[in-house]
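Report on one structure; see the data block that follows.
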């Protein structure tokens, strides 16, 4: 079973497949081991139009469909999950500006973001606010022609290397209706970037805390209107979940391919382990679940492309794909036995990288809450 792809979507997948295997795959393990951000690769991805895929061409983007974007993220994640999440977060940063920003903000920031000339970060999570977006405490007070921002953000992907930040702040004490969104630039007075986090996985992506101490942001950098921040962030998270679901599918596909290859080569009890039922059933289950995750993700993307509501579909896709990645990488490592525990083998990196997909852009528990709310309404 498959979802028919247009000629353009097939071309995007083929192009990104070739690029990822040729340019990303050979250096992915070393970048992970060294915790090295692939700046050169990101620059090339910008040149290929991958850093602003769904941004219209008039703002410097590729004007691609959500389906094309998902296929591209899958191919990048197959070779390097770190590079995939860097790409996903940059695309995500563009969304609030594109959908709710003034024409001034679009002209000022969209082209540099979409081309990869400048990296973007979206800033939601705080020390005491993650899944509960309404608990955001970073404040922004309008004074004259500037917002004065105070507070802290954490676990910000791309944050240490970005020039453009979409920051969600509190502009009034109303829980959800008190949130707003600002574009903050690196170098604005009172804005400090912390040290990179040392992570279990996606080690070649950059993750940092941010601090705002009397940070002065021009009032014109408000995205939409005051109080619209909650709606903006929920909309952004829907699209972000398409990216993480796609990342999870790419990771799982890579793990399955590694398991199949190894099971054909490794012998036990006088024959390849691929001939043993226990191994064959692991591979069958992985193939089944990956196909389902892929179809759920593309189905959500199709709803997005049609302009239909897709919150429910995005949550289902993200939940199923991320938990599939956990199961498949677990079994793939198990098939490798002791070798799977050695960093020389790609499956060890895939196992570590998969774990975060059930946490960021809304944990599995949050996805179940979103899905059940929809079903029970």
Report summary line: residue 117: passes all of (1) surrounded by 22 or more Cβ atoms within 10 Å (Cβ to Cβ); (2) on the phi < 0 side of the Ramachandran plot; (3) modelled with pLDDT under 95 but (1)
Query raised in the report: For the range 169-187, how many residues are surrounded by fewer than 17 Cβ atoms within 10 Å (Cβ to Cβ) and in contact with a strand residue (DSSP E or B) (Cβ under 8 Å, 6 or more places away or on another chain)?
Result: 2
Report task. Determine which member of the set 136, 148, 124 is touching a helix residue (DSSP H, G or I) at 6+ places or on another chain (Cβ under 7 Å), outside the structural domain of residue 243 (by TED's automatic domain parsing) and modelled with pLDDT of 95 or more. Result -> 124
Requested in this report: Identify all residues within the range 24-71 that are surrounded by fewer than 17 Cβ atoms within 10 Å (Cβ to Cβ), touching a helix residue (DSSP H, G or I) at 6+ places or on another chain (Cβ under 6 Å) and either in a helix (DSSP H, G or I) or in contact (Cβ under 8 Å) with a residue 40 or more places away in the chain (or both); write none if there are none.
Outcome: 25
Report task. Using the structure shown, decide if residue 197 is out of contact with any helix residue (DSSP H, G or I) (no Cβ under 6 Å at 6 or more places or on another chain), more than 29 Å from residue 247 (Cα to Cα) and outside the structural domain of residue 31 (by TED's automatic domain parsing). Result -> no
Requested in this report: Evaluate the following for residue 245: is it closer than 30 Å to residue 152 by Cβ, buried (at least 17 other Cβ atoms within 10 Å of the Cβ) and not assigned by TED's automatic domain parsing to the domain that holds residue 173?
Outcome: yes
Query raised in the report: Of all residues in the range 151-160, how many are surrounded by fewer than 24 Cβ atoms within 10 Å (Cβ to Cβ) and either touching a helix residue (DSSP H, G or I) at 6+ places or on another chain (Cβ under 8 Å) or over 20 Å from residue 96 (Cα atoms) (or both)?
Result: 3
Query raised in the report: How about the range 128-153: which of its residues are free of Cβ contacts under 8 Å to residues at least 24 places away in the same chain, under 17 Å from residue 174 (Cβ atoms) and in a strand (DSSP E or B)?
Result: 129
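Residues are listed down the side, and each one gets a yes or a no for (1) crowded, with 20+ Cβ neighbours inside 10 Å; (2) modelled with pLDDT under 95; (3) within 27 Å of residue 235 (Cβ to Cβ):
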site	(1), (2), (3)
290	yes, no, no
296	yes, no, yes
339	no, no, no
347	yes, no, no
363	no, no, yes
Query raised in the report: So which of 210, 231, 222 is within 29 Å of residue 188 (Cα to Cα), under 27 Å from the mean Cα position of the chain (by Cα) and without any contact (Cβ under 8 Å) to a residue 40 or more places away in the chain?
Result: 231
Query - Meets criteria (in contact (Cβ under 8 Å) with a residue 12 or more places away in the chain, touching a strand residue (DSSP E or B) at 6+ places or on another chain (Cβ under 7 Å) and at negative phi) for residue 263 - result: yes
Report summary line: Filtering the range 183-209 for residues that are outside any loop (DSSP other than H, G, I, E, B) and under 20 Å from residue 88 (Cα atoms) leaves a count of 6
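The values are calculated or read from the model by the stated rules, or taken from the named source; none is laboratory data. Keep in mind it's a predicted model, so treat the numbers as computed, not measured. Counting neighbours? That spans all protein chains shown, and the Cβs are built from the backbone with ideal geometry, glycine included.
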